[in-house]
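The next block holds one structure in the form of structure tokens; read it before the comments.
The values are calculated or read from the model by the stated rules, or taken from the named source; none is laboratory data. What you see is a predicted model; the values in this text were computed from it and never measured. Note that we place each Cβ from the backbone using ideal geometry, even for glycine, and neighbour counts take in every protein chain shown. Heads up: the accessible areas ignore ligands, DNA and RNA and are worked out on the full protein's heavy atoms, side chains in. Shrake-Rupley method; radii C 1.70, N 1.55, O 1.52, S 1.80 Å.
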Amino acid sequence: AHWHAAFGMPPTLGPLQPLPIGMQLSEYPQPLPPGGKVDKAQICPPNWWVGMKNPNLQLMIYDQNIHKCSVKIKYPGVKVLKVHAAENPNYLFIDLQISPSAKPGTLKISLCDAQKSYNYELRARERN
């Protein structure tokens, strides 16, 4: 049996894309990447803009063993909607809502009851 069958997944590359003819997935399961040591914390995207048409933003934070951390952001006009833990303990995804009233500036993201914190820049949008 193929690895995807063990997880109840169809043999596809993407949600609607079947494998090319003559290609099959490996019969050997690929292990998930271990957490490993993080040399430098990262946030993607590295910054965002206030006044965007879509108020929703998902941040990906990469840092040592953060997948079970609580998240707190205190910034006017920015609300945490949901936090998603990844299987890799060094990743955390945060869904934010940035209201039209949010002003440009630097917000502070606190994880694990402020044991870890990150500055995140909201920039003013240039009007064309």
### Query
Pairs under 6 Å by beta carbon, first residue over 23 Å from Thr106 (Cα atoms) in region 76-87, partner open to solvent by 70 Å² or more (accessible area, probe 1.4 Å) and of a type in the set (A, V, I, L, M), six or more apart or different chains?
Glu87/Leu32
### For Val80: the one exception among (1) farther than 15 Å from Ala41 by Cβ; (2) open to solvent by 20 Å² or more (accessible area, probe 1.4 Å); (3) assigned to a loop (DSSP other than H, G, I, E, B)
(3)
### Task
Within region 84-106, count every residue that is open to solvent by 60 Å² or more (accessible area, probe 1.4 Å) and of a type in the set (A, V, I, L, M, F, W, C).
1
### Exclusive hit being modelled with pLDDT of 60 or more, basic (Lys, Arg) and either in contact with a Lys or Arg (Cβ under 7 Å, 6 or more places away or on another chain) or more than 21 Å from Cys112 (Cα to Cα) (or both), set Lys53, Lys37
Lys53
#### Entry: Scan of region 48-64 for residues that are under 14 Å from the mean Cα position of the chain (by Cα), surrounded by fewer than 16 Cβ atoms within 10 Å (Cβ to Cβ) and not aliphatic (A, V, I, L, M), ordered by number
Asn56, Gln58
### Query
Considering region 65-77 alone, what residues qualify as being open to solvent by 20 Å² or more (accessible area, probe 1.4 Å) and not aliphatic (A, V, I, L, M)?
Asn65, His67, Lys68, Ser70, Lys72, Lys74, Tyr75, Pro76, Gly77
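Okay, residues lined up against (1) at pLDDT 95 or above; (2) over 20 Å from Ser70 (Cα atoms):
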site: His84; (1), (2): no, no
site: Asn90; (1), (2): no, no
site: Lys103; (1), (2): yes, yes
site: Leu122; (1), (2): yes, yes
site: Arg127; (1), (2): no, yes
### Query
Just a yes or no: is a residue in region 56-73 closer than 22 Å to Ala124 by Cα and in contact (Cβ under 8 Å) with a residue 60 or more places away in the chain?
yes
### Task
Sort out which residues of region 83-128 are outside any strand (DSSP E or B), among the hydrophobic types (A, V, I, L, M, F, W, C) and touching a Cys at 6+ places or on another chain (Cβ under 9 Å), and write them in order of number.
Cys112
### Task
Go through region 107-127 and count every residue that is within 16 Å of Gly51 (Cα to Cα) and either open to solvent by 100 Å² or more (accessible area, probe 1.4 Å) or basic (Lys, Arg) (or both).
4
